[in-house]
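> Once you've had a glance at the structure underneath, I'll fire off some questions.
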Amino acid sequence: MLYFGCVKISLDRCVACGNCVAICPVGAIDIDRDIRRAVVDEERCVECFTCYRGLSTEHLNPTLVRTIRRVFGWLRMRFDPEPDVCPTAAIEPQELVWPRVVRRAFSDPLVPHESTGIHGRGTEEVKTNDVTHRVSLGEAGFTVEFGRPTVSASFRDISIVTQALAAAEVTFEANNPVTHLMTDASTGKIREDILDERVLSAIVEIKTTLERVPEILRIVTQSSKKIDTIVSIGVSTRCDEEGDSALEKILEDEGVPFWRGKTNLGLGRAPGPA
Ligand code: SF4
Ligand code: SF4
């Protein structure tokens, strides 16, 4: 399947105003001072579409704008467009093919992931409501998130952590997009052809028993030291009828401050018997 991305900036139309530089969440756009145009570092670009969608466009004549900017420069004055505008509509979508299309699936929240049909990176259970009772009493659900705006992450790095988790025989969530990209969930290996693809962020979802929380935290902490991105980990569990769980003490014993970031009330329509 073909998608459209936004990695090209027209050399004919760009007037080097720099507005798109600030809007790129991973710093993939820069002004090349030799050619006086904005250029995209295609290795760093995660195909998030922010530059294309986030700037409004005007259709000013590029030659005229360059001339005015040059004349104003001689007079020690500036002629700049409003900061949220590409004045010459110079950012052009491009067709993306496999494996580069993976970047956009994980980086553009408006594109549904092919494997789950869900916009974004995780499954509905971790994003909104666990109406499928994925995490039962005595179990712990983990979200391990790789990357952040300005940092991003490669699947080669993610694969190092998923293989460490697989060696501990955790259960990867079958409907999670990263799990779909593994060649074998029992090894945690991610398919070779996407290892060099970078995404704004990706979430790995796993489940274990509550007692294994300290072990999993240590595995993620240790394996994360081998990779070059930010890793954030979230742990969830099901509360008893009093609203309590053993998770608070487990985390505090590990020296991890506990707070309820999100309380899932189980609202929503369950697809079947709990
Ligand atoms: S906003 Fe448009 S004209 Fe300005 S530098 Fe970026 S691509 Fe070029
Ligand atoms: S990372 Fe996003 S904003 Fe930056 S160049 Fe690529 S598509 Fe545009």
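The values are calculated or read from the model by the stated rules, or taken from the named source; none is laboratory data. Small disclaimer: the values here were computed from a predicted structure and weren't measured. Cβ: placed from backbone, ideal geometry, glycine included. Neighbour counts: every protein chain shown. For the accessible areas, the whole protein counts, side chains as well, though only heavy atoms, and no ligand, DNA or RNA atoms are used. Shrake-Rupley method; radii C 1.70, N 1.55, O 1.52, S 1.80 Å.
> Carbon-plus-sulfur fraction of the accessible area of the stretch 168-263, 1.4 Å probe, in percent?
Here carbon and sulfur together make up 48 percent of the probe-accessible area.
> Taking Cα atoms, how many degrees apart are the long axis of helix 213-224 and the longest axis of the chain, rounded to 10 and kept between 0 and 90?
30
> Once you order the gyration tensor axes a ≥ b ≥ c over the Cα atoms, which shape class does the stretch 145-233 get: rounded for a/c under 1.5, otherwise prolate or oblate by comparing a/b with b/c?
oblate
> I would also like to ask the following. Would you grab the residues whose amide H sits under 5 Å from the one on Ile190? Only those 5+ places off in sequence or on another chain, please, with H modelled 1.01 Å from N.
Here Thr183 satisfy the definition.
> In the Gaussian network model of the chain, springs joining C-alpha atoms below 10 Å, which of Glu254, Glu42, Glu241 carries the largest mean-square fluctuation?
Glu241
> Could you run the Karplus curve 6.51 cos²θ - 1.76 cosθ + 1.60 with θ = phi - 60° over the stretch 75-87 and give me ³J(HN,Hα) per residue in whole Hz, x for Gly and Pro?
Values, residue by residue: 8, 6, 10, 10, 10, 10, x, 4, x, 9, 10, 9, x Hz.
> Got a sec to turn the phi values of the stretch 193-210 into Karplus ³J(HN,Hα) couplings, 6.51 cos²θ - 1.76 cosθ + 1.60 with θ = phi - 60°, whole Hz, x for Gly and Pro?
Those phi angles translate into 6, 10, 4, 8, 6, 10, 10, 4, 6, 9, 10, 9, 10, 9, 9, 9, 7, 4 Hz.
> Right, here's the next one. Work the Kirkwood hydrodynamic radius out for the stretch 13-70: mean of 1/r over every pair of different alpha-carbon atoms, inverted, in Å.
12.2
> I've got another one for you. Hey, can you find the accessible area per residue of the chain for me, probe 1.4 Å, expressed in square angstrom?
55
> Moving on to the next point. Quick one: among Ile219, Ile190, Ile29, which has the greatest mean-square fluctuation in a GNM of the chain with alpha-carbon springs under 10 angstrom?
Comparing Ile219, Ile190, Ile29 in the GNM, the peak value goes to Ile219.
> How long are the semi-axes of the equivalent ellipsoid of the chain, defined as square roots of 5 times the Cα gyration tensor eigenvalues? Whole Å, largest first.
Sorted largest first and rounded, they come to 44, 19, 18 Å.
> Given springs between every Cα pair under 10 Å in a Gaussian network model of the chain, which of Glu95, Glu173, Glu47 has the largest fluctuation?
Greatest mean-square fluctuation among the candidates belongs to Glu95.
> Compare the Cα positions of Thr209, Cys24, Ser224 along the charge dipole of the chain (+1 at Cβ of Lys, Arg; -1 at Cβ of Asp, Glu; about the Cα centre) and return the one farthest towards the positive end.
Result: Cys24.
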